[in-house]
1. Please count how many residues of region B:82-137 are touching a residue at least 40 places away in the same chain (Cβ under 8 Å) and either in contact with a Ser or Thr (Cβ under 9 Å, 6 or more places away or on another chain) or not basic (Lys, Arg) (or both).
2. Give the residue that is nearest to the other protein chains (Cβ to nearest Cβ), with candidates limited to residues of region A:197-218 that are in a loop (DSSP other than H, G, I, E, B) and open to solvent by 10 Å² or more (accessible area, probe 1.4 Å).
3. Take region A:241-291 and flag every residue that is in a loop (DSSP other than H, G, I, E, B), charged (D, E, K, R) and touching a strand residue (DSSP E or B) at 6+ places or on another chain (Cβ under 9 Å).
4. Please indicate, with yes or no, whether at least one residue in region B:26-34 is within 26 Å of residue A:212 (Cβ to Cβ), among the aromatic types (Phe, Trp, Tyr) and surrounded by 20 or more Cβ atoms within 10 Å (Cβ to Cβ).
5. With the condition being closer than 15 Å to residue B:320 by Cα, I'd like the strands (runs of 3 or more DSSP E) fully within region B:203-269 carrying at least 1 qualifying residues.
6. Among the residues of region B:241-256 satisfying the criterion of being among the β-branched types (Val, Ile, Thr) and over 16 Å from the mean Cα position of the chain (by Cα), which is farthest from the other protein chains (Cβ to nearest Cβ)?
7. Can you name the condition, by its number, that residue B:207 falls short on among (1) open to solvent by 10 Å² or more (accessible area, probe 1.4 Å); (2) more than 11 Å from every other protein chain (Cβ to nearest Cβ); (3) charged (D, E, K, R)?
8. With the structure loaded, tell me whether residue A:310 is open to solvent by 20 Å² or more (accessible area, probe 1.4 Å), in contact with a helix residue (DSSP H, G or I) (Cβ under 9 Å, 6 or more places away or on another chain) and small (Gly, Ala, Ser) or whether it fails that test.
Amino acid sequence: MTPEPPMSQEPPMTPEPPVTVGSTATPLLEVDDLRTTFHTPRGAVRAVDGVSLRLSAGETIGVVGESGSGKSVLGRTIMGLISAGPATEVQGTVRIGGRDVHALAPGERRRLWGPEVAMVFQDPMTSLNPTKRIGTHLTETLRLHLGLRRGAAADRAIELLVQVGIPEPRRRVRQFPHELSGGMRQRVVIALALACSPKLLIADEPTTALDVTVQKQILDLLGTLAERLDMATILISHDLGVIAGRTDRVAVMYAGRIAETAATAAVFEHPLHPYTDALIGSIPRLSNEPHAELRVIDGNPPDMSAPPPGCRFAPRCVHAFERCREEAPPPHEPLAYDARHSVACHAPLLPAPNADSGNADSGNADSMNGGDD
Amino acid sequence: MAGSGTVHLRESEQPVLSVRDLVVEFPVGRRQKVHAVSGLNLDLLAGETLGILGESGCGKSSAGRAFMQMPPPTSGSVLLHGTELTRLRSRELRRARAKMQMIMQDPVSSLNPRRRVRDLVAEGLSIWGFEGEDEDRLIRETLHAVGLEPEVVWNRRPHELSGGQCQRVCIARALMLKPSVLICDEPVASLDVSVQAQILNLLERSKRSHLLSLVFIAHDVAVVKNISDRVMVLYLGKTCEVLPSAHLDTRAVHPYTRLLLASVPEATEGGSRQTQPATELPSPLDPPSGCRFRTRCPLATDRCAAEEPVLRELGPGHFVACHHVDAAHVPTA
């Protein structure tokens, strides 16, 4: 579903209340001890269990985790698409531009979607309405959120399609979603998300359904647009490769919690959490010799309706000891030499003392290409 | 292959599986047809893993299924241990095909949800009438070999297992009939990274312990390189390049293989990030004339439209179908 359900009754022209963002010290996004719990017949499933995050304007963070780690639920809860309800419990706060997403009335929240925060989903076919033309998707959004008139909206729609690299935009606006390829549809979804110039874009597995050559195009496009529009991005993916080249910081999720968060280069060069380390080790790499034995993580991720006590990775962790099984490590333990590298582990894989610490630090520079890898 | 040719075949070496001029087409009404595979030639030697690499729509899955005769190819020949499968009647085919088993992408939906693990694994045996008191012991051994605890999973149904465990059951089931060829169609595409590594290691181990030859079909360049001895790159139903997988990342020269390699997201990323205009895969209903890759190829010239390139040998075991690259382009490592 696109973030704007057509059933809204409020006048489309309500001007946006001014929001203090960017220039002030407040980060664009503040997530504090967020917990999303689903009550199911099998018991409470704690999909997100105590996540805190900060994101400044223009910054890109990658959220990486395996299926069931809670990364998608986190994205949707930040967006406010998942909110408290009969079977859903949301605790903690999400502030976008200083406003608490989950304290807003539904109508208010809807006004946040578009100009403040927008989302791109995995499957571009189901994010578009199959009975509406490409142009209608865009003009509908532009007229509702920005109050553009019909002609102006149509012109802007073409501009947006050009911006996302769609050839022959004048022909495309007349087409239906099924007439476009998967990569082209995902470009339309991105155009739709950018229609109101959001300050924060949440991309949830935006390329998982696409071929590798198209994946590269889409990731390049997202990177370029984020830079050009000074947009903060949360890139959610299961693919470490996707995250590695294209984010400033990474948060590695496991079983609803953040296991490790740091500058991207630091995470890939010196993973401190045994899970991160094992995950990186289990990726087949192009530089491996054929038939190289891959490292594996034994066992399976925990059942989130009955997670293990203590550290959730302990049952699969080769370094686990008594304390890990009894006591959950504090969620964010910053390192002595790098305050922005934090790890939730009783026995992190610390690099040899005074070696390489300067190197890992330099990765914190917020430039996108700063990772120099 | 995006041309044709047979120079890469190794007739002298008694392949386990050999495929000649394989064509798979699907009618789609209005007298149109999808050209899924157009003239594929390959051979698979004993103990070898052949990786078939390509993006969606390149015909890799259609080819894998045509080897299995499900459905049989439009034309061409598939020889398994010298037996021509395409000419066999269904009963004979089933008997001959027991030596070639297939593992599918989605392990959960390829298992009957109502049956228990024991019966799922035993099915092949009971169809072939190998039943006996040894049956349970054999099933236990096989389950053990694929890393499942027989006592734990024995009576479970697929929904009680994780995706990785289901894939293990599929592998156990395929191994029960002691096949010599295993066709793996994207066996790890639907699995998490950590589970993917377990299954890849398991396939390597099973290959050694059961003396298998593998056809490994996948879209992931790194996965294919890790498991294969040789790699064959397909594009729109035609072969682009065949080369030893050890040289995949360093010596591949076909522009399409280079594009695939350049698209692999890896930590070592950087370089240009301009917005490229979207490129489209040409329709398989009406593939381009000549070289099928020419519409996306940076090297394309008039010759590519007029004349289909034929596979040529560039070096030992390295074959490429392109008018514009030759041995001089191969980097010497």
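1. Total meeting the criteria: 23.
2. Out of the qualifying residues, it is A:211.
3. Matches in region A:241-291: A:246, A:248.
4. no
5. B:230-235, B:238-244
6. Result: B:253.
7. (2)
8. Answer is no for this residue.
The values are calculated or read from the model by the stated rules, or taken from the named source; none is laboratory data. Since the model is a prediction, treat every value here as computed from it, not as a measurement. For neighbour counting, all protein chains shown are included, and Cβ atoms are generated from backbone atoms with ideal geometry for every residue, glycine included. Side chains included, ligands, DNA and RNA excluded: accessible areas come from the protein's heavy atoms. Shrake-Rupley method; radii C 1.70, N 1.55, O 1.52, S 1.80 Å.
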